[in-house]
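Since the structure comes first, as structure tokens, the remarks are kept for the end.
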Amino acid sequence: MSERVARILKLKITPVKNETKPQLFSATGTQIRIVGRADVDMYIQGLRVTQTAVVAEELQPRFLLVMDFLSANVAVVSFKTGVLSLVDDLIHIKMHSICNDMNCVTLSRRTCAQPFSEMLLQVNTLKKVNNQSILLENLPHRLPVAIRKALAFCKNNKTVCRILNYNPYVVTLRKGLKLATIAGFDTIAAVQPVDNDNTDAQSVPACESDMYVSKSELDQFHESYGFHLGPTLTEDMSYDVLKMLYRYRTVFARYVSEIKLPKGPPLKIDLHTNRKLYKRHYSA
């Protein structure tokens with residue numbers, strides 16, 4: 001369980017020594033920091049089960065039942081019926097799918113998405129995630145539009161979801177449609193804590209973009225490209241900005257001749273008909 005849940009339940013957390021700490025890792029390979037252990041009394045349909053849980057600093061979902069609990073309580077999982085049975089088929093618990101209403105965001109109103117258009121739509125969220133950031137991911141089943149994986153902030157049971165209609169026709173999305181599922185933050189492989197105290201600068205391989213650039217070269221680069229820096233920046237801050245621009249100088253072009261062709265294949269759109277497409281414009 002997460003440390004936050006243990007604090008809410010007012011459990012006594014017993015610290016463990018580094019030698020006896022279990023090494024836990026998420027699905028993305030990031031290490032889960034262990035705080036200690038705590039005894040939890042769980043009541044499952046009248047049955048009291050006492051379990052010693054490992055308390056982690058950050059965990060998503062916040063409470064997990066792993067193999068030792070399932071083995072000790074003779075658990076049988078039926079994915080066909082979506083039922084978990086415990087203690088030799090004595091207790092039956094209905095499982096929740098990732099597409100369950102408790103784990104999805106739904107469309108607030110009926111919307112028509114124009115062909116080859118991108119939209120920001122308002123979606124309904126759960127009350128328990130208000131004033132929190134959530135991670136939206138695609139549902140396992142196919143939708144007529146593409147959903148962008150993104151972080152969103154929830155307020156008043158609402159948030160926004162970005163969609164893309166990649167079809168050459170109008171797509172109607174009905175009210176209450178499940179657009180995305182709320183995923184755990186441990187699915188972000190790029191977000192890892194950085195320990196500045198133990199970082200060894202010599203262990204980081206140097207690359208061309210990180211090489212030292214003199215101030216005279218930065219001044220010539222600034223004059224050549226004509227960047228406009230804020231007047232409130234100090235001299236050191238200005239050179240830091242120029243270093244960043246110089247590192248990614250290949251994305252800038254001063255002339256049309258410096259614009260390079262993309263490396264990817266060209267986009268090909270297959271139309272359903274050879275007739276010309278017209279769109280009616282409305283004036284206010």
- Hey, does segment 146-154 have a residue that's modelled with pLDDT of 85 or more, part of a strand (DSSP E or B) and touching a Gly at 6+ places or on another chain (Cβ under 9 Å)? no
- Query: Which of the residues belonging to segment 117-145 are within 21 Å of ARG174 (Cβ to Cβ) and assigned to a loop (DSSP other than H, G, I, E, B)?
  - Reply: THR125, LEU126, ASN138, LEU139, PRO140, HIS141, ARG142, LEU143, PRO144, VAL145
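Does any residue of segment 8-19 turn out to be closer than 19 Å to ASN73 by Cβ and either basic (Lys, Arg) or free of Cβ contacts under 8 Å to residues at least 12 places away in the same chain (or both)?
Taking segment 8-19 and keeping what is closer than 19 Å to ASN73 by Cβ, we get none.
No, the conditions are met nowhere in segment 8-19.
Considering every residue within segment 81-91, establish whether at least one is over 20 Å from LYS128 (Cβ atoms), charged (D, E, K, R), surrounded by fewer than 13 Cβ atoms within 10 Å (Cβ to Cβ) and at pLDDT below 85.
Within segment 81-91, one or more residues are over 20 Å from LYS128 (Cβ atoms), charged (D, E, K, R), surrounded by fewer than 13 Cβ atoms within 10 Å (Cβ to Cβ) and at pLDDT below 85.
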- Please indicate, with yes or no, whether at least one residue in segment 41-57 is of a type in the set (Asp, Glu), surrounded by 12 or more Cβ atoms within 10 Å (Cβ to Cβ) and in the same structural domain as ALA75 (by TED's automatic domain parsing). yes
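Sort through PHE69, PHE116 and tell me the only one that's of a type outside the set (S, T, N, Q), at pLDDT 85 or above and touching a strand residue (DSSP E or B) at 6+ places or on another chain (Cβ under 9 Å). Give the derivation first.
Numbers: PHE69 fails: at pLDDT 85 or above.
On inspection, the qualifying residue turns out to be PHE116.
When only residues in segment 54-66 that are hydrophobic (A, V, I, L, M, F, W, C) and in contact with a Lys or Arg (Cβ under 7 Å, 6 or more places away or on another chain) count, which is nearest to ILE182 (Cα to Cα)?
At the first step, the residues of segment 54-66 found to be hydrophobic (A, V, I, L, M, F, W, C) are 54-56, 59, 63-66.
From what is left, the residues that are in contact with a Lys or Arg (Cβ under 7 Å, 6 or more places away or on another chain) are 54-56.
On the way: VAL54: 24, VAL55: 23, ALA56: 21 Å.
Applying the filter and picking the extreme gives ALA56.
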- Message: Checking the conditions here, which among SER238, SER209 is modelled with pLDDT under 85, under 36 Å from the mean Cα position of the chain (by Cα) and surrounded by 10 or more Cβ atoms within 10 Å (Cβ to Cβ)?
- Response: SER209
- Query: Just a yes or no: is a residue in segment 196-205 of a type outside the set (A, V, I, L, M, F, W, C), assigned to a loop (DSSP other than H, G, I, E, B), outside the structural domain of PRO140 (by TED's automatic domain parsing) and at pLDDT 85 or above?
  - Reply: no
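The values are calculated or read from the model by the stated rules, or taken from the named source; none is laboratory data. Treat the numbers as computed from the prediction; the structure is a model and nothing was measured. No Cβ is skipped: glycine too gets one built from the backbone with ideal geometry, and neighbour counts run over all protein chains shown.
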